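Structure, as structure tokens:
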Amino acid sequence: MQIETINTTPYADQKPGTSGLRKKVHVFQQPHYLENFIQAIFDSLDDYAGKTLMLGGDGRYFNRPAIQIILKIAAANGFGEVLVGQGGILSTPAASCVIRKNKAFGGLILSASHNPGGPDEDFGIKYNIGNGGPAPEHITDAMYRHSREIAQYRILDAADIDIDEQGSCRLGEMAVTVIDPVDDYADLMSRLFDFDLLRERIGSGALSLCFDAMHAVTGPYARRILQEQLGAAPGSVINAEPKEDFGGGHPDPNLVHAHELAELMFSTQAPVFGAASDGDGDRNMVLGRQFFVTPSDSLAVMAANAHRIPGYKDGLIGVARSMPTSRAVDRVADSFGVDCYETPTGWKFFGNLLDAKRINLCGEESFGTGSDHVREKDGLWAVLFWLNLLAVRRQSVADIVREHWKQFGRDYYSRHDYEAIDAGLANDIFDQLRSSLPRMPGKTFGESTVESADDFRYQDPVDGSVSERQGIRIGFENGSRIVFRLSGTGTAGATLRIYLERYEPDAEKHDQNTQEALEDLIELAETLCGVKKRTGMTEPTVIT
Ligand code: VG1
Ligand code: CO
């Protein structure tokens, strides 16, 4: 086996977005494309010789060939060992758990998350650092810089290795250890939640459930934990077999894409609890009988009840939410007298706050919640958190959320996405929004007067780093808010996200339909950005 140095030329488009580099599969299949990016990642890191790298993905199309190539590049670059999930499988939260537990130097997660998979769909690569979390911006910036200058990569000339059998083998000087993808993660979950109580409530049928794995990576995890360990009825986990194309579906856990689950939960046959997670297992959607919990509310309810869950019995240290996430959790933090941080979109911004123990719970409006147990958002963890809460409080999901609203008020909240719009047009919309910001405060639109308007800028309170232009936020005197952002995970054109939020303290008014409750704001958002007028689209592509 010989290390080869291959001459190559840079690709100009290897800039990581909100969560790693995501492109169509055929882009990754271009000659040297994957190899360049992996070498650029390694070139951005220091002192990894002889150390351990974690490698796994969500099992989508191109996962397996990519793993073989990455192993050979890792061997040629001097890593001491690579831990690979069996079959190339590791959910994003399990990958974070494996990195932390094994004190690995870092890890590569192969996933495009909630984006569809298959030969004509998306693939992605993300690098996580030794704390188990996504690489911070100074590292992703360095990767991009190296990818623009790359002239050579190193790769071991060797045969593919078997990643379907657990155990160790050697690839040149490097060890490759194939591990069970579920063990470490399942063990961690059993230490955070009351598995005895859950076994009793789930096993007796009092806590019936349906979990939709959407033919993505969480299937094996959910089967092991929910069915085998906690006694949920066989078949409680649906679409449990991971598939390279997610069964042709869009592995995004919302009411639109998880329609099988949604239909069940809004039918008369509904179990007590329903949930789904995404392609790589870090997102979650939580449902009760005939009841949908918005991710922003889910975070707030979890924060308000954390002390009831064994892993969090000492209570909240602090919380954080991404900027566009509703401010429901802020009120909970306030009532407990702990800090609430507002970060840019993307999990990488929570890592420092978690490491510095400033927070122990955090979340995003995009169906993501997590805690200090790993450094990624975690779908199945959120599901177990809710199940544990239902078991402790012996109330329905709907009753728990309604009581929460009664105490804290309700934030009517929705996100409207306009997908695959022309990138130039999207930039025009933002230029115009930005230039109108200074004149906004004090302006009145219908019943709403603008209180504040800015382009969100974040200064990390731990390391002082600054991230500019993280989304335009317009706050109104009556507590409403509109946020405009461009997606950093799409692979076709631009996606405009409009986040709408209205606070309603009066419990008598907590039963409105969300889109109706937000009607004025929806109209106002269009007045401000003109996306419908400019694109000719009459409706958003997806409403969540
Ligand atoms: C989206 C979400 C963001 C999330 C990111 C990665 O990013 O809005 O909250 O962190 O996806 O999630 P964007 O830039 O498209 O808005 V995942 O589950 O796709 O890794
Ligand atoms: Co994901």
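The values are calculated or read from the model by the stated rules, or taken from the named source; none is laboratory data. Just so it is clear, the structure is predicted and the values come from calculations on it, not from any experiment. Here the Cβ is made from the backbone with ideal geometry for all residues, glycine too, and neighbour counts use every protein chain on show.
Looking at the range 515-531, can you tell me whether even one residue there is in contact with a helix residue (DSSP H, G or I) (Cβ under 8 Å, 6 or more places away or on another chain) and either of a type in the set (D, E, K, R) or within 16 Å of ligand 2 (Cβ to nearest atom) (or both)?
Yes, that holds for at least one residue.
Scanning the range 240-292 for residues that are under 17 Å from the mean Cα position of the chain (by Cα), away from ligand 1 (no atom under 13 Å from the Cβ) and in a strand (DSSP E or B) turns up A275, V286.
Filtered by the rule that a residue be more than 12 Å from N77 (Cβ to Cβ) and either surrounded by 24 or more Cβ atoms within 10 Å (Cβ to Cβ) or in contact with a strand residue (DSSP E or B) (Cβ under 9 Å, 6 or more places away or on another chain) (or both), the range 45-61 gives T52, M54, L55, G56, G57, D58, G59, R60, Y61. Taking every residue in the range 107-118 that is in the same structural domain as G249 (by TED's automatic domain parsing) and pairing it with any residue that is at pLDDT below 95 and away from ligand 2 (no atom under 12 Å from the Cβ), at least 6 positions away or on another chain, yields no pair with a Cβ-Cβ distance below 6 Å. For G493, the test of being closer than 21 Å to A420 by Cα and touching a Pro at 6+ places or on another chain (Cβ under 8 Å) is failed. Candidates are the residues of the range 102-119 that are of a type in the set (A, V, I, L, M) and under 17 Å from the mean Cα position of the chain (by Cα); the one that is farthest from ligand 1 (Cβ to nearest atom) is L108.
Against the condition more than 16 Å from D280 (Cβ to Cβ), of a type outside the set (G, A, S) and over 26 Å from the mean Cα position of the chain (by Cα), how does Y33 come out, does it pass? No; evaluated as a whole, the condition is false for this residue.
Looking at the range 383-398, can you tell me whether even one residue there is buried (at least 17 other Cβ atoms within 10 Å of the Cβ), within 16 Å of ligand 2 (Cβ to nearest atom) and closer than 29 Å to T491 by Cβ? Within the range 383-398 (the criterion being buried (at least 17 other Cβ atoms within 10 Å of the Cβ), within 16 Å of ligand 2 (Cβ to nearest atom) and closer than 29 Å to T491 by Cβ), the answer is yes, since at least one residue qualifies.
Please find, among D160, D141, the residue that is touching a residue at least 60 places away in the same chain (Cβ under 8 Å), not assigned by TED's automatic domain parsing to the domain that holds G231 and not β-branched (V, I, T). Let's see the steps before the verdict.
Numbers: D141 fails: touching a residue at least 60 places away in the same chain (Cβ under 8 Å).
Among D160, D141, only D160 is touching a residue at least 60 places away in the same chain (Cβ under 8 Å), not assigned by TED's automatic domain parsing to the domain that holds G231 and not β-branched (V, I, T).
Any idea which residue in the range 305-344 is surrounded by the most Cβ atoms within 10 Å (Cβ to Cβ), counting only those that are among the small types (G, A, S) and assigned to a helix (DSSP H, G or I)? Per the stated criteria, the residue is A328.
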